[in-house]
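> Here it is, the structure in full.
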Amino acid sequence: MSITRIPFERLPADIRRAVADKTGTVHRATTAPGGMNSGIASIVETDSGSVFVKGIPSDHPQVGAQRREAAIAPHLPASCPRLYWHLELDGWSLLGYELVDGRHADYTPGSQDLPLVEAALVDLQKVAAPADIDIKDAVDRWADYAPPGTLQHFDGEALLHTDYAPDNVLIVGDRARLVDWAWPTRGAAWIDPGTLALRLMNAGHPVEAAVAFADRFPSWRNARPEALAAFGAATASLWGEIAEENGTPWKLGMAEHAATLARALRPVP
């Protein structure tokens, strides 16, 4: 569900004052391009430096996802932008982030970004999901899509991102930064390399190369074949449903790649 985006200056005056209390005087605000899930997405230049401010009306159905994003922020590795503050005021939920001035990752075969993306995911693979935050379990997220009797394979304690669309990975110098943590998930660590493999296929990698990339991560390399097969089947079912509900070309393409990945992950008899 997309949200109409407004400039920072159209926020109520008391909210703008509350932001200034956190940052110092606001000198300029520029609306960031792209994205559909924030009513405010602005680069705000202040006395204390530049801050990325994103926000959503407090009565919007997606506000819970933003609050999860705020709750998980202190637990994220250094490859993720730092959350400076979280405000709930006058009908708005606002987050103030470290400004990451980068470009979207290039996933195409041979891209120099791929080792940087790999390094960022290696860091994340070391992080356990915090026990005191109410986030989704992978078992629940894939319950409607995994083959019967396979959900136990998705269980685990790793903190997962699960959405490695290039828009969610920014390249800044020689580092990849993972952004957009609206759907943090607790589950088996191998799930993230699997979701990344699907995005690599969408960028032009043959399925064999995408699976080989996932195999660089010990969690995937050491996973049981039946677990990876269950992931492939669940992913194909999920993207098939998405494409059936909204048959835009990119969703149809993702569904086709997911079906190909599922076939590649089936154990050899």
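The values are calculated or read from the model by the stated rules, or taken from the named source; none is laboratory data. What you see is a predicted model; the values in this text were computed from it and never measured. Neighbour counts are summed over all protein chains in view; Cβ atoms, including those assigned to glycine, are modelled from backbone coordinates with ideal geometry. Remember, those area values only see protein heavy atoms, side chains included, never the ligands or the DNA or RNA. Shrake-Rupley method; radii C 1.70, N 1.55, O 1.52, S 1.80 Å.
> Above 15 angstrom, tally the Cα pairs of the range 117-196 and express them as a % of all pairs, no decimals.
56 percent
> Please work out the Kirkwood hydrodynamic radius for the range 71-178, using every pair of different C-alpha atoms, and report it in angstroms with one decimal place.
16.0 Å
> Could you tell me what percent of the DSSP beta bridges with both partners in the chain are antiparallel, to the nearest 5?
Close to 95 percent.
> Can you give the Rg to Rh ratio for the range 95-150, taking only C-alpha atoms and Rh from Kirkwood?
1.09
> For the range 65-107, take every pair of Cα atoms, bin their distances at 5 Å starting from 0, and report each bin as a whole percent.
Taking all Cα pairs of the range 65-107, the binned fractions are 5, 19, 26, 21, 16, 9, 3, 1, 0 percent.
> Moving on. Under a point spin-label approximation (7 Å from Cα along Cα-to-Cβ), what is the Lys136-Glu256 distance to one decimal in nm?
That separation, rounded to one decimal, is 2.6 nm.
> While we're looking at this one, here's another question. Heavy atoms only, 1.4 Å probe, whole protein assembly: order His257, His27, His104 by accessible area, highest first. Spell out each step's value before the answer.
On the way: His257 50, His27 120, His104 95 Å².
Greatest to least solvent exposure: His27, His104, His257.
> In nm, to one decimal, how far is the modelled label at Glu157 from the one at Val172, with both set 7 Å along Cα→Cβ?
Output for this residue pair reads 3.0 nm.
> Evaluate the relative contact order of the chain (contact order divided by residue number), counting alpha-carbon pairs under 8 angstrom at least 6 apart; express in whole percent.
14 percent
> How much of the accessible area of the chain, in percent, comes from carbon and sulfur atoms when a 1.4 Å probe is used?
Using a 1.4 Å probe with all protein chains present, the chain comes out at 51 percent carbon and sulfur.
> Starting from the Kirkwood radius over alpha-carbon pairs of the chain, derive D by Stokes-Einstein at 10 °C in a medium of 1.306 mPa s and give it in µm² s⁻¹.
Roughly 81 µm²/s, to the nearest whole number.
> Continuing with this model, one more query. Using 0.36 nm times the number of residues separating Glu226 and Thr4, minus their current alpha carbon distance, what extension gain do you get?
75.6 nm
> Still on this structure: At 7 Å along Cα-to-Cβ for each site, give me the label-to-label distance between Asp59 and Arg263 in nm.
Simple spin-label model gives 5.0 nm for this pair.
> Per the Kirkwood definition applied to all pairs of different Cα atoms, how many angstroms is the hydrodynamic radius of the range 31-103?
In the range 31-103 this quantity evaluates to 12.8 Å.
> Further question: Under 10 °C and 1.306 mPa s, how fast does the range 120-251 diffuse according to Stokes-Einstein, given a Kirkwood radius computed over C-alpha pairs? Answer in µm²/s, whole number.
103 µm²/s
> Taking the range 1-133, how much of its Cα-Cα pair set, in percent, is spaced more than 20 angstrom apart? Let's see the in-between values first.
Values: 4574 of 8778 pairs.
That fraction is 52 percent.
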